[in-house]
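Derivation of every value follows stated rules applied to the coordinates shown; laboratory data play no part. Quick caveat, the model's predicted, so the values are computed rather than measured. Methodologically, a virtual Cβ is constructed for each residue, glycine included, from the backbone with ideal geometry; neighbour enumeration extends over all protein chains shown.
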Amino acid sequence: MPYQTEPDFRHDQASRVGLLLVNLGTPEAPTAAAVRPYLKQFLSDPRVVEIPRLVWWFILNGIILNTRPKKSAAKYASIWSRDGSPLAVHTRAQAKLLQGFLGNMGQNVVVDWAMRYGQPSVADKMMALKAAGCDRVLVLPLYPQYAASSTGSVMDAVADAIKTLRNPPELRIVKHFHDAPDYIGTLARRVEAHWIKQGRGDHLLMSFHGIPRFSLDKGDPYHCECHKTARLLAERLGLAAGKYTVSFQSRFGKTEWLKPYTSVVLTELGRKKTGKLDVICPGFVSDCLETLEEIAIEGKAEFMTAGGGEYRYIPALNAEPDWIAALGKIAAPHLGGWSLEPEEAGERKARAARATVK
């Protein structure tokens, strides 16, 4: 495997710390032509689809990529913003604001963002951080709950990226933050702010992204981490067991996924004539296709068609100031001992000057 050429070395460039936020990904446009390569990359990941590669190759290329891009593009078009994909817009803003927050906290950190699938890629951003002088990089996948198909896949992407580097940076990776007090607190404040404006609902549905049931059977901790997040959030909000439900969305294919399914729960709550249903997606820190279209649009239709009353989707954490502060606090322990003091950077410049004189 050929190694990439290293960025030009400069004696006066201070050693820096990088922080790379990584989210799932998005097509570059809400069109079938743009969605197709994105879906191909996503669904070709063996972490995402654990089916024998030869069998899956024929299913993916012979059926799915010929039928699904057009349908998915229409869904993306329904939530696409003037600035582009909501997921990219929010992730970009989170990185920019986190840079400012950490700077105000005295952390000498270069913050950037990447997507696991699509652009900007993890490999490109790792190289960009190296070019900025970062010889230590903290990778923070924006998945609160660990799953092999999400955070595990980001770890794979980082490993693949450094395989091509002659002089890879020192690495740390945040595996999960499903029970981090600042994360739980921010979720709780989002629900409480919603209740202040709209009044307290009759029931709170916490919908997490689903994964195949066999992942749980084989030891994936995702299911347990989702339930812990839900329990901690319910405790923070003072909700009794019967006042909230945990469900799982976005199932794909015919295999069994984690239950209960969000679509089934929404229909059941509608049939029970639930008057005011509040819905939050704690596993998504940025609004995206799964929250804005699948939950806020399709979910509302399922609930109301079944006889439900008022349906209130609670937006994701996005780039709200309290979430940026929480992100900074989640990252801070992992940055411990890495941030350079200003005088150390100055000493580097002084050594470079002395070397030049010699």
Exercise. Applying the Karplus parametrisation 6.51 cos²θ - 1.76 cosθ + 1.60 with θ = phi - 60° to the phi angles of the stretch 298-313, what ³J(HN,Hα) value in whole Hz is obtained for each residue in order, glycine and proline being reported as x?
Worked result: 5, x, 4, 5, 5, 5, 6, 5, 7, x, x, x, 8, 10, 10, 7
Problem set entry | Tilt relative to the chain, helix 321-331 - C-alpha long axis, 0 to 90 degrees, to 10 | 60 degrees
Problem set entry | Whole-Hz couplings from phi, Karplus 6.51/-1.76/1.60, listed for the stretch 153-160; x for Gly and Pro | 5, 5, 4, 4, 5, 5, 4, 5
Exercise. Which FRET efficiency value, to the nearest 0.05, is calculated for residue 264 and residue 334 with the Förster distance at 41 angstrom and r the Cβ-Cβ distance?
Worked result: 0.60
Problem set entry | GNM result for the chain, Cα springs below 10 Å: residue of 164, 262, 229 fluctuating most strongly | 164
For this session: Grab the alpha carbons of the stretch 181-313, take their convex hull, and tell me the volume per residue in Å³.
Result: 107 Å³
Problem set entry | Long-range amide H partners of residue 121 with built H, under 5 Å | 115
For this session: Any chance you could run the full-extension gain for residue 40 through residue 276? It's 0.36 nm times the residue separation minus the Cα-Cα distance, nm to one decimal.
Result: 81.0 nm
Problem set entry | For residue 211, distant residues with modelled amide H under 5 Å away | 258
Exercise. Name the chymotrypsin sites (Phe, Trp or Tyr not before Pro) in the stretch 199-254 that are in a loop by DSSP and that have at most 14 other C-beta atoms within 10 Å, would you?
Worked result: 252
For this session: Using amide H atoms built 1.01 Å from N in the peptide plane, name the residues 5+ places from residue 134, or on other chains, whose amide H lies under 5 Å from its own.
Result: 16
Seminar exercise, completed: Going residue by residue through the stretch 168-175, the Karplus relation 6.51 cos²θ - 1.76 cosθ + 1.60 with θ = phi - 60° gives ³J(HN,Hα) values, rounded to whole Hz and with x marking Gly or Pro, of x, x, 5, 10, 9, 10, 7, 6
For this session: Please label the shape of the stretch 28-86 as rounded, prolate or oblate, based on the square roots a ≥ b ≥ c of the eigenvalues of the alpha-carbon gyration tensor (a/c under 1.5 means rounded; beyond that, a/b larger than b/c means prolate, else oblate).
Result: prolate
Exercise. Taking Cα atoms, how many degrees apart are the long axis of helix 222-237 and the longest axis of the chain, rounded to 10 and kept between 0 and 90?
Worked result: 80 degrees
Exercise. What FRET efficiency would be calculated for the residue pair residue 241, residue 124, taking the C-beta separation as r and a Förster radius of 51 Å, to the nearest 0.05?
Worked result: 0.65
For this session: Once you have the Cα-Cα distance between residue 163 and residue 214, take 0.36 nm times their residue separation minus that, and quote the gain in nm to one decimal.
Result: 15.3 nm
